[in-house]
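Take a look at the structure below.
The values are calculated or read from the model by the stated rules, or taken from the named source; none is laboratory data. As the structure is a prediction and not an experimental result, all values here were calculated from the model. Here the Cβ positions follow ideal geometry from the backbone for every residue, glycine too, while neighbour counts run over all protein chains shown. Protein only, heavy atoms only, side chains kept; ligands, DNA and RNA dropped before computing areas. Shrake-Rupley method; radii C 1.70, N 1.55, O 1.52, S 1.80 Å.
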Amino acid sequence: MQQIVYVDGSFVPAADAKVSVFDRGFLFADGIYEVSAVLDGKLIDNDSHLARLQRSVGEIALALPVTLQRIVDIQKELIARNDLTDGLVYLQVTRGAAIPRDFAFPKHPKPTLVMFASAKDIVNAASAKTGIGVVTVPDIRWARRDIKSVALLAQVLAKQAAAEAGCAEAWMIEDGKVTEGGSSSAFILTQDDVLVTRQNSSAILPGCTRKAVMKLAEERQLRVEERAFSVDEALAGKEAFITSASLFVQAVVTIDGRTVANGKPGPMTTRLREIYVEFARATAV
Ligand code: PLP
C-alpha cells in the first residue's frame, strides 16, 4: 500500500509530497515536531503532546497554521488512510519557505505543516522483553532543550554512537549527571525503591510519557524524586529504564557495557510498562 502523507492542506502519496528548498525547517531547523503513539488505530496521550506542541511553537513565536482540533482530525485521517493499527503519527511545523534566505523571521511567514504515520509494534517490541543497552555521550545540545525543536543533530550523533556500539539509546551527560536519552527520558530505581528522574527545566525535554508514568507511579504510592542522577548511581541502583511515546517504557540493562543489576529488565520496570500500556489503551482516542 502506498503511504499517504499530509502536506499543507493536502493528503498525497509520499512520493508526490513536496516542500520548498527554501523552507526554513530545511535551511535553519526553524521548526517544531511532535510524535504521538497509536494503538489499535487510536491516539495515545495525545492531549499531552498537543499541549507541548503549543508551548514549543509559542517559545519560538511560531503560529500554528491550523487549529489543534484540525491537527487531531488530520492525525485521524492519516491513521485511516494508511490503515494504521499500531505505530506513530509524526508532525512537523516550520516557519515555512521564504526568499531570500535570511536569518530573521520573514514579515509574513507561511508555516509548513507536514504529517505522516508509520507502523510500529510498540507493545510487542523484542527490546521490551530483553531490555536495551545505552552508551553515554557528552550532552552537546543547545540551552533550550525544553523546546521540541527539529534541530536534532546532537541527538543524531549521539544515537549513531549508540548504534555503532550495538546499543539502542544514548544517555547524554552534563556536569557528571544524566540529562536524558537521545529521544527518551531517563529513570532509575534506587536500592531504597525510589524512582528518580531529572526535574524538568531547560536542560531536558518535558517527556509526555515521563509525566504519565510519574503520575501512574505516584497513584500507586511509589516514591518519585525529581532530581539529576549520575551513571554511577544508576549502576548502583536496582533498575534503570527509559520512557518515550515511541517505546513507552523499556528497561536499560547495560550502560557503557556495564550491567545494571542482573542485566535483565527488573520487576518495577516490567510492572510500570504494563501499567502504562493499560493506561494507554484505556485513554486512547
Ligand atoms: N527526551 C527527548 C530528547 C526526546 O526526543 C523525547 C522524545 O522524542 C523524549 C525525551 C520523550 O518524550 P515523549 O515521552 O513525550 O515521547
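Of all the residues in segment 226-253, those that are assigned to a strand (DSSP E or B) and open to solvent by 20 Å² or more (accessible area, probe 1.4 Å) number 1. For the subset of segment 20-52 comprising residues that are within 14 Å of the ligand (Cβ to nearest atom) and acidic (Asp, Glu), which member is farthest from Ser244 (Cα to Cα)? Of everything passing the filter in segment 20-52, Asp47 is farthest from Ser244 (Cα to Cα).
A count restricted to segment 188-212 and to residues that are part of a strand (DSSP E or B) and more than 11 Å from the ligand (Cβ to nearest atom) stands at 5. Could you tell me how many of the residues in segment 121-141 are open to solvent by 40 Å² or more (accessible area, probe 1.4 Å) and within 12 Å of the ligand (Cβ to nearest atom)? So the count comes out to 0.
Kindly check whether there is at least one residue in segment 54-67 that is assigned to a strand (DSSP E or B), touching a residue at least 60 places away in the same chain (Cβ under 8 Å), touching a Gly at 6+ places or on another chain (Cβ under 9 Å) and within 21 Å of Lys148 (Cβ to Cβ). Scanning segment 54-67, I find no residue that is assigned to a strand (DSSP E or B), touching a residue at least 60 places away in the same chain (Cβ under 8 Å), touching a Gly at 6+ places or on another chain (Cβ under 9 Å) and within 21 Å of Lys148 (Cβ to Cβ), so the answer is no. The set of residues in segment 82-106 being part of a strand (DSSP E or B) and hydroxyl-bearing (Ser, Thr, Tyr) consists of Tyr90, Thr94. Suppose we keep only residues that are among the polar types (S, T, N, Q) and at pLDDT 95 or above within segment 1-45. Which one would you say is nearest to Ile122 (Cα to Cα)? Checking each candidate, the answer is Ser36. Sub-7 Å Cβ pairs linking a first residue in segment 149-177 that is farther than 26 Å from Leu27 by Cβ to a second residue that is surrounded by 15 or more Cβ atoms within 10 Å (Cβ to Cβ) and aromatic (Phe, Trp, Tyr), at least 6 apart or interchain, are Lys177/Phe229, ordered by first then second residue. Remark: pairs (first residue in segment 255-270, part of a strand (DSSP E or B); second residue at pLDDT 95 or above and not aliphatic (A, V, I, L, M); Cβ separation under 9 Å; 6+ apart in sequence or on different chains) = Ile255/Gly133; Ile255/Thr136; Ile255/Trp171. Every listed requirement among (1) touching a residue at least 24 places away in the same chain (Cβ under 8 Å); (2) buried (at least 20 other Cβ atoms within 10 Å of the Cβ); (3) closer than 15 Å to Glu34 by Cα is met by Leu50 save one, (1).
Listed here are the residues, each with its yes/no results for (1) exposed (fewer than 14 other Cβ atoms within 10 Å of the Cβ); (2) more than 19 Å from the chain's Cα centre (by Cα); (3) farther than 23 Å from Val285 by Cα; (4) not β-branched (Val, Ile, Thr).
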{"site": "Phe26", "(1), (2), (3), (4)": "no, yes, yes, yes"}
{"site": "Asp40", "(1), (2), (3), (4)": "yes, yes, no, yes"}
{"site": "Leu64", "(1), (2), (3), (4)": "no, yes, no, yes"}
{"site": "Gln69", "(1), (2), (3), (4)": "yes, yes, no, yes"}
{"site": "Ala80", "(1), (2), (3), (4)": "yes, yes, no, yes"}
{"site": "Gly96", "(1), (2), (3), (4)": "no, yes, yes, yes"}
{"site": "Ala104", "(1), (2), (3), (4)": "yes, yes, yes, yes"}
{"site": "Lys107", "(1), (2), (3), (4)": "yes, yes, yes, yes"}
